[in-house]
Amino acid sequence: MTRSTVSTPPKPATSDSIAQALSLAIHEHKIAPGTKLGEDDLSEIYGVSRTVVRAALQSLSHIKLVDIRRNKGASVASPSIIEAHEVFEARELLEPRTARSAALRATAADIALLERHINDEHKALDAADPGRALYLSGLFHTEIARIAGQATIAGFIETLIARSSLIIALYWRRESALCEKHAHHALVGALADHNEQQAEELMRSHLVDLHSALDLRERHGRTLSLKDALSQ
């Protein structure tokens, strides 16, 4: 006798899963800075109540990926040129010292994880998916902060990297606004060798190069409906 199988219905979306999906779409540049995030539209897209959507948007506003304004609703954050400079200057101050600390603590497992991040980033670039590559590049940098064992600073860096993604979406000048391939390889080499001075210097020069690769004079943006962006 054949036993019948009962398919398990898909789990309904939660505020956390919606926030994660929106965050990924923003980081991968599927949703452009300034895009309005209507509660009714998101409720329809995810099949949940506006209350669930509102909670997701609130969580994204805490990490400054979303701006919520009274009587205007929510939209993807759109950093100004001044904010863009401030974000990269803050990264240039924090991340070199974090890289130095990571060089002292990195294990073989940590190095292997970073190398997997680089490989995935290169695959995304080869597949002509720069948004995905940028997202993975951000994860690489937050992973270095984790290796450094600096939880508080890692939180700051994660927020700064989220803002960086929006800045690159607005002020992208050339593909090298993505992390150069050799830059991450060199960083991993310094971490593997526990060379803290080299790791610090490489991180600083890498971030300066990234900052200079942006055209902080003109805004660049794409128009795509929210539903189309999230269905990709």
*Post the alpha-carbon centroid distance, segment 29-93 to segment 119-137, in whole angstrom.*
23
*Counting Lys +1, Arg +1, Asp -1, Glu -1, what net charge surrounds Ser43 among other residues with beta carbon under 15 Å of its beta carbon?*
0
*List, in order, the whole-Hz ³J(HN,Hα) value for each residue of segment 17-28 obtained from phi through the Karplus relation with A = 6.51, B = -1.76, C = 1.60 and θ = phi - 60°; use x for Gly and Pro.*
5, 5, 4, 5, 5, 5, 4, 5, 5, 5, 5, 8
_Charge sum, other residues only, whose C-beta stays under 15 Å from Pro96's C-beta, Lys/Arg counted +1 and Asp/Glu -1_ = -3
*Quick one: Karplus J couplings for segment 89-105, per residue in order, coefficients 6.51, -1.76, 1.60, θ = phi - 60°, nearest Hz, x for Gly and Pro?*
5, 5, 5, 5, 7, 7, 6, x, 5, 5, 5, 4, 5, 5, 5, 7, 10
*Long-range amide H partners of Val66 with built H, under 5 Å*: Ser61, Ala77
*Hey, what angle do you get for helix 181-192 against the long axis of the chain, alpha-carbon based, 0 to 90 degrees rounded to 10?*
70
*Each residue of segment 139-152 in order: what ³J(HN,Hα) in whole Hz does its phi give by Karplus 6.51 cos²θ - 1.76 cosθ + 1.60, θ = phi - 60°, with x for Gly and Pro?*
4, 4, 5, 5, 5, 5, 5, 5, 4, 5, x, 10, 4, 5
_Cα-based shape type of segment 15-77, given that a ≥ b ≥ c are square roots of the gyration tensor eigenvalues and the cut on a/c is 1.5_ = rounded
_Label assignment, volume of the Cα convex hull per residue in Å³ derived from the structure, set (1) 204; (2) 123; (3) 163_ = (3)
*Point-to-point label distance, Glu44-Leu104, nm (Cα→Cβ direction, 7 Å offset)*: 5.6
_Nearest-ten-degree value, helix 50-62 long axis tilted from longest Cα axis of the chain_ = 10
*Leu216 long-range amide H proximity, modeled H, under 5 Å*: none
*Give the shape of segment 103-151 as rounded, prolate or oblate, defined through the alpha-carbon gyration tensor: a ≥ b ≥ c are the square roots of its eigenvalues, a/c under 1.5 means rounded, and otherwise the shape is prolate if a/b is larger than b/c and oblate if not.*
oblate
_Net charge of neighbours whose Cβ lies under 11 Å from the Cβ of Val53, counting Lys and Arg as +1 and Asp and Glu as -1_ = -2
*Working from Cα positions, state the angle (0 to 90°, nearest 10) between the long axis of helix 108-126 and the longest principal axis of the chain.*
60
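Quick note: the coordinates plus some simple rules give every number you see, no bench work behind them. Quick caveat, the model's predicted, so the values are computed rather than measured. Positions of Cβ are backbone-derived with ideal geometry, glycine not excepted, and every protein chain shown enters the neighbour counts.
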